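Read the structure below first, then the notes.
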Amino acid sequence: MICLAIEQTHYQGLCHGNFSSSHIYLSQDKKVAKLASFANPTHKTHQQKRYHKPFIGELFYASPEVRHGAACSKEGDMWALGAFLLELVVLEKP
């Protein structure tokens, strides 16, 4: 479900920019997962300024380039998804 939510976000031309396990909400029947807290969403058609931006989000899930001020990207979201999946396997934050 979470992978589909990220895929749909990217399909719509957005990146989340702040993905982590604390931003996933399940319905009571646990059949629907919702991705929340798009703190730094970016549409791929918007030009990004090339200056250092302060990092806002959870450090455990942030890709190296995002930690250093780069704009959010599909690749950064995939890094965060990988960190989330690792968290599911080892049952602790990466």
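Compute the length gained on full extension between Met1 and Leu88: take 0.36 nm times their separation in residues and subtract their Cα-Cα distance, giving the result in nm to one decimal.
Here the segment from Met1 to Leu88 would lengthen by 29.9 nm.
For the pair Tyr25 and Glu65, the difference between a 0.36 nm per residue extended length and the Cα-Cα distance amounts to 11.7 nm. Residue ranges 72-81, 3-12, 18-27 sort as 72-81, 18-27, 3-12 when ordered by packing (mean number of other C-beta atoms within 10 Å per residue, highest first).
No value in this document is a laboratory result; all are computed from the given coordinates. Just so you know, these numbers come straight off a predicted model, no measurement behind them. All Cβ positions, glycine included, derive from the backbone under ideal geometry; neighbour counts span all protein chains shown.
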